[in-house]
Amino acid sequence: MINFKTLMASVLLAGMATQATFAQESGEKKADYPYVFVGVQGGGQVTFTNYDAKKLITPIGAVSVGGMFTPVVGARLHVSGINEKGGLKS
């Protein structure tokens, strides 16, 4: 089993390695409207309490679907969910 410090260091290193890179173009490019986009997200959270933090790691996932109709008008549907482990059972 991976220990907690190794897991957190891996997550931080992955976040630093995935920073965006931007290139400049001399010409202006027009986007074609309408267009559709899809997004998938994932991650985790932990609740820091007096309990063992390794047992409280909660996976999180999300899915987004949307579209841009004009350069200023668009819509998006975003659904996310978690399996909460931070609460106490009665």
Qualifying positions in region 58-72 - over 9 Å from TYR33 (Cβ atoms) and either in contact with a Leu (Cβ under 8 Å, 6 or more places away or on another chain) or aliphatic (A, V, I, L, M) (or both): ILE60, ALA62, VAL63, SER64, VAL65, GLY66, VAL72
Within the set of pairs 6 or more residues apart or between chains, which connect a residue that is closer than 18 Å to ASN3 by Cα and modelled with pLDDT under 80 inside region 47-64 to a residue that is polar (S, T, N, Q) and open to solvent by less than 30 Å² (accessible area, probe 1.4 Å) with Cβ atoms less than 9 Å apart? THR47/THR58
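The values are calculated or read from the model by the stated rules, or taken from the named source; none is laboratory data. If you're wondering where the values come from, they're calculated on a predicted model, not measured in any experiment. Counting neighbours? That spans all protein chains shown, and the Cβs are built from the backbone with ideal geometry, glycine included. SASA here: full protein model, heavy atoms, side chains in, ligands and nucleic acids out. Shrake-Rupley method; radii C 1.70, N 1.55, O 1.52, S 1.80 Å.
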